[in-house]
Every structure is written in structure tokens, then in C-alpha cells.
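The values are calculated or read from the model by the stated rules, or taken from the named source; none is laboratory data. Owing to the predicted nature of the structure, the values given are computational and were not obtained by experimental measurement. Glycine also receives a Cβ, built like all others from the backbone with ideal geometry; neighbour counts cover every protein chain displayed. Side chains included, ligands, DNA and RNA excluded: accessible areas come from the protein's heavy atoms. Shrake-Rupley method; radii C 1.70, N 1.55, O 1.52, S 1.80 Å.
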Amino acid sequence: MRLSCYWIAFLFPFHFAFAQPTGWSKHVSKIDASSYHGVAMGNGVIGFVSTPEPMRFKDVVMNGLYDTDVNGRVSRLLVSLNHVNVNLEVDGLRVGTNIITQYHQELDMRHGKFITSFKVANNLIVKHKSMSVRHLPYVTLTIIEITALKDSRVTPATVIEAPAHLWGTKNFYSVIDRPHAVVPLLTTSASSPSGKHVIAASTSFIFEEPLKERPTVVHEDWDTGMHLAKFTKELKAGETYQFSVVGAMASSKQYTNPLGETERLAVFANLEGTKRLETLHDKAWSQLWGGDVVVEGDSVAQSDIRLAIYNLYSFTREGLPNSVPPMGLSGMGFSGHIFWDSEFWMFPPLLVLHPEIAKSMLEYRFTRMEAARQNAFAHGYQGVMFPWESADSGDEETPVWALTGPFQHHITGCVGWSFWKYYQVTHDRVWLRDSGYPMLKEVAMFWASRVDRKGPGRFEINNVIGANEFLENIDNNAFTNGIAITTLRYAAQAARELGLKPDPDWEYVASNIPIVRFPDGTIRENETYNGEDIKQADANLLSYPLSIVTDMNETMKNVKYYQTRISRYGPAMSHSILSTLYSRANDPQQAYALFLKGYKPNQLPPFNVLSETAGGNNPFFVTGAGGMLQAVIFGFGGIQIDDKGIIQLKTKLPGEWKGLKIKTAGRAGKIYSR
């Protein structure tokens, strides 16, 4: 069960049009602010979301930065200092939607940039590019180009705003003055609601002209948790002027002195210069797109698939032990907590496309094993019991009113499953020894202690909530039992891989956990299930990705039974699973129909961002994007991960597609074609 999340609509007199697909870009030329759902810029650490207003963004967040909510009950991902907005005045008039025309927004997915352009009255043409710099985790960059249509006086301002829930806000302005460089610094620091963290942000103008010709920067301090630095420039008709704003943000989670380090990072980025920053940013995104999915013959699907991959890349980063909330860095959905969504839905596509990024998601869990061990101990079990909702500490963060926290135990199996999948792809024995097996061992210990040993074939797992959250406190849930069987066997296999003797109880328990069936052999979702609507695929997960059910006739029997029972109020991933299974049954047209059903009804204007459910409005649901990509990669593409590594099954493409290429990056570096 998840908390509801709401998207705030803005009201301006524009009309929307869905983004036109180009494969690499999403273009919008008509904007209805009352039906606007923004896209996120992210580099795996800093994320911010577009708005219908020119040069304005909202919900600036840092991955992994949590604090308790106003009631102090659970942690929430913090909306941090907003340091990415720019104000612009023309001849004393503030630029807003009321005085602009020819307004155009573009998401450049290839380069990780948000680009807008507009005309201000009859005075100016403005082009605005903004990015969360990929190669510098705590840095943002905005590049603004102004072309005067007639003589005009322009006053741009870089702004830092503190949301109301931050307190102890302190504003600073200083200038680093050297003979060869002058760096103005606008800086804010503030404390998180409980005082657990200090957050700091700093911005600085980068000017292109020689020192003596640069405009004078003026600081203004306001009483509303906001201050700004601005300059004024007189432009002649036909003149084009360019400047940039570089920003940095960090917290006490990263540094003991976040204020000082943030200012140093802003100075560093300023003196790197706009050209070098943008060039290295573009290079980093080019390397990311070494992992790509290319569809021939269907430009709409290609664009949608790229948007899914783009968001996965925007919300993840190699080398940091961070995972991904269901809404990534695009907003506060589900408090920014980490669920099974990360391991079971987002992780598999990343594991194929960029295993080194997928590894960071595993490190998030590995560094929180002690908390999971304490959670198991508190519930009377051995090993590790991961929380259903996790934040920074690794403790349970599910609201008390939601029963999923104490009872949705399959997440521990999903964590163990993802660790073995990483080893199957990389065959990194050192990692298996140091991280993979220690995790799998603890997961196996949990399941061995979790079962009720009622006799041969009846080592039951009772009183749980499965993937189908509509039914609570049930016995012998199909997916929970299936993931327990799978990870118990993986743990034993991992031990043997390292030349160790596994606990014989693990495979003994696995062989005695029941998979409950109806009299006709169809898998029964739980001991008392009688055909009710289900929230999402559960029993079908035993065919893919668990491979407990391998007979295709049995798989399709289960598919056809549950396909008509999936609720329209459930999340998108069920149809992606069914699509994958139809692909593997060599029915590409049915697979294609379910592929579309798994995400098309969830698209929101104007950029086709995904909501959790059809008719929902809480983008960007990166869990659904992960499911959609699984239907493409593991369904149409036939990719399978087993002990041999990545292999390719024989599958067929739908008639709408002329070809499919799955390009892997990292150590694999292979292309799988269909």
C-alpha cells in the first residue's frame, strides 16, 4: 500500500500538445499549464522538474537526502533549496507567460538538457538551456542566449529560494576577486525540518566577455526566504548576448562543512567555464547512451522507450550507494522511499544496459544490512528482513497504518534475487565473495527461519501480503513462496561457486515450500484465493522472471486465467509481464497489444511522462518505465539472464517493428539484434 500523491496544476492561458517523437527529443510548442506534467533533469544526485513557466523549475531534490515529516513519523525525501531558477526583466518588465509568444519547450534526451525558447513582446528572442551536470554530481548549469530585436535593457537574476519546511535560513553574498577571474557567489544554507541535515546551495554567473567589460553584479536580499544576484545589460538591435549560471548544492550528508564545500564547487565549476562544462556533460551522456534500445520502423515506440531509459539514467549513478524511489527524482511520490520497485522493476533493464550503475543499487541494500538484520531480529527471524519502505537508515519507513511494512516480506527475496542476477551477468567472483554471498546467505537464513515447518511439502509461509496488495494477511502467496524458493537455491549455488559448503537446510526448505494450485493445475494466488480482481501480476511472476514455471503450456494457462482479473486500478507493470510472457510464447501481436496497454494509458501531457496508473497524475513513475523496458528487452528482445550470463531466446517482433537492437555498455559491450 502506498500513500497518495498529488500533482499541483498551474493556471496559465496556454494549450497543450503531446510531445512530438523524434527518437531523441520531446518537443512541445503549445502548453496548457492546467494539464502540465513536467519532466525531470537529473544526474543521479540532483533532480529538478520543469514547469510551464519560462526559466522556472520546481521540486529540487538530492537523491538519498531524507528527514522526518512534520509529524515525525516517517522520513521523506526533502524538497531542497531551489537554486536553478532565473528571473528576467526587459525594460523593467518581468518576463512571464503573459508577455511571451512562440513558446517552445524541448527535452533533449541524448544530452540530458531541457531547452526552452520564446519571444518577449517585440524586444527579444530568448533561448534557455538547463542541465544537471552529469560528470559533476553536485553541479547544475544554465546557459542563456538573448537576441535583441530592438534596443533593450535586460536584467537577468539568479535566484535561491528556501521552501517553508526548511528553517534557520542564512543568505550570503561574496565575490572571489583575482586579477584573472572574478567569481560572484550567491549562497544559502538552511536546516532540514528536524535539524538532522544542513543543506547549502550556491550559484554564480559565468560571463563570456573580458573582465573589464563584464557587467556589475548586484545582490538583493528579500524577507521571504529568497535572495538573488542580478546584472543589467544594454543590448542593441540585432545583438546576441550569452551568459551562464552555474550552481552547486550539497548537504551535511556528504560534507561536514556543506556551506564551504558548496561554494568551492561553485567556484570550481565557474572557472571550468561554460564550454568545458557542457562538453564534458555531453560526453558523459554519450557514454551513458552506450546502453540503448533501438527500434526500427516505429518512431513513437522509439521515443517512448528512450524516455523510459532517459529517466532511469537521470535517477541513477555509478559509484554511489543510492537506489531509486518509484518516482525517481521527479517529485515526492511515496515520500521518496525505496520499495521492491528498485530491485524487481528498474534493476533488470539497468543490469543489461549498464551493470556498473545497477551495482550502485545493490550497494544501497548492502550498506543497510545491519538495519535489516535488526528488523529480522525484532520480528523473531534470523538473517536479514528488509523494510518494505526504506529511506536513509534502512529502518522500516512504512506508515504505521499500512500493513505492508510488517507483512510484505517478498522484498527480502527480491533483494537477494537481484544480487545473484548481478553475479550471473558479471561473474565477478571477488564481488560475490565480499558482497553477493554475504547478502544471499542472510536472505536464505531469513527464509529458513520464516517458514512454518508443518511437514514434507508444507513448509508454509503464512500471514503475508504479496505483490497483489488487494489481499492482506494471506497464507502461501504464490510470489512470496516463489521468491523464497528461488533465493534459497541461489544462496546454495553461490556458496558452491565460492568452494564453500552451503547449509543443507536451505535447499531442503526450498524443496518443501508449496506452490498452491487450483484443481485444474492453475497456480492459485494464495491459499484462499477465489478469483477476485488482483492489483498486479503475482502468480505470473513465477514464469517470468523467476523461471519456476518453465512449461509454456502451464505458463499460458496461468496468463489467460489472471489476464482478465487484473484491476484497472493497479499499476502498469502487470501488462508488461504478460507482454513478456506472450513474446516468449511466440505471440508477438498479443505481446505488442499488452506492451502498449502497459504504458500508453498512463502517459500524461505534454511530454508523455508516465503515471503509476491509467488516469493517474503522479509522474514520473519510473517503476512502470522499468516494466515497459522489460517487455522490450526480455520480451521482444528475448534477453535471458542465467548462469551463462546474458543469452538470447528465440522471439519474434510485432509486425509494427522492422528491427530491434539492444546495445549494452560496461564490460559486456554487446549488441543483441532481432
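Here the gap between TYR569 and ALA237, fully extended at 0.36 nm per residue and compared with their Cα-Cα distance, gives a gain of 113.9 nm. Placing dummy labels 7 Å off each Cα toward the beta-carbon, the span from ARG214 to THR68 is 4.5 nm. Only protein heavy atoms count here; under a 1.4 Å probe, LEU228 has an accessible surface of about 10 Å².
Taking a label point 7 Å from the Cα of HIS165 along the Cα→Cβ vector, which residues of segment 36-74 have an amide N closer than 18 Å to it? Taking a point 7 Å out along Cα→Cβ of HIS165, the residues of segment 36-74 whose backbone N falls under 18 Å are 46-49, 58-74. Could you give the distance between the Cα centres of segment 530-547 and segment 158-200, to the whole Å? For segment 530-547 versus segment 158-200, the Cα centre distance is 50 Å. Of the GluC sites (Glu not before Pro) found in segment 347-422, no site is in coil according to DSSP while having at most 12 other Cβ atoms within 10 Å of its Cβ.
Between 0 and 90 degrees, the angle of helix 258-272 with respect to the longest Cα principal axis of the chain falls at about 70 degrees. Is there a pair in LYS230/LYS283; LYS170/LYS196; LYS170/LYS275; LYS557/LYS658 whose C-alpha atoms are over 26 Å apart, and which pairs would that be? Too far apart for the 26 Å limit: LYS230/LYS283; LYS170/LYS275; LYS557/LYS658. At each listed q (0.06, 0.07, 0.08, 0.11 Å⁻¹), what is the log10 of I(q)/I(0) that the Debye formula gives for the chain modelled as equal alpha-carbon point scatterers? For the chain, the Cα-only Debye profile gives -0.35, -0.47, -0.61, -1.09.
Please state, rounded to one decimal and in Å, the Kirkwood hydrodynamic radius that segment 503-595 gives when every pair of distinct Cα atoms enters the mean of 1/r. Here the Kirkwood hydrodynamic radius works out to 14.1 Å. So, with a 1.4 angstrom probe, what is the percent of accessible area on the chain that is carbon and sulfur? In the chain, the share of accessible area belonging to carbon and sulfur is 51 percent. When Rg and Dmax are taken over the Cα atoms of segment 250-402, they come to 18.8, 58 Å. Within segment 225-281, the trypsin sites (Lys or Arg not before Pro) that combine a DSSP coil assignment with at most 14 other C-beta atoms in a 10 angstrom radius are LYS236. Of the trypsin sites (Lys or Arg not before Pro) found in segment 369-461, those that fall in a DSSP loop while having at most 15 other beta-carbon atoms within 10 Å are LYS454, ARG458. Between segment 282-325 and segment 47-68, how far is it from one alpha carbon centroid to the other, in angstrom? Here the answer is 20 Å between Cα centres. Measuring with a 1.4 angstrom probe and ignoring ligands and nucleic acids, TRP24 comes out at about 50 Å² accessible.
Here is how the number arises for the chain: DSSP H runs of 4 or more residues each give -39500 (n - 2.57), the sum is divided by the residue count, and the result at 222 nm is -8500 deg cm²/dmol. Solvent-accessible area per residue in the chain equals 36 Å², computed with a 1.4 angstrom probe and all protein chains kept.
Using alpha-carbon positions, what is the distance between the centroids of segment 451-527 and segment 353-418, in Å? Taking the Cα centre of each part, segment 451-527 and segment 353-418 sit 18 Å apart. Ranked by solvent-accessible area (1.4 Å probe, protein heavy atoms only, all chains present), the residues HIS128, HIS165 order from largest to smallest as HIS165, HIS128. Cα-Cα over 18 Å: which of LYS212/LYS233; LYS58/LYS129; LYS58/LYS359? From LYS212/LYS233; LYS58/LYS129; LYS58/LYS359, over 18 Å: LYS58/LYS359.
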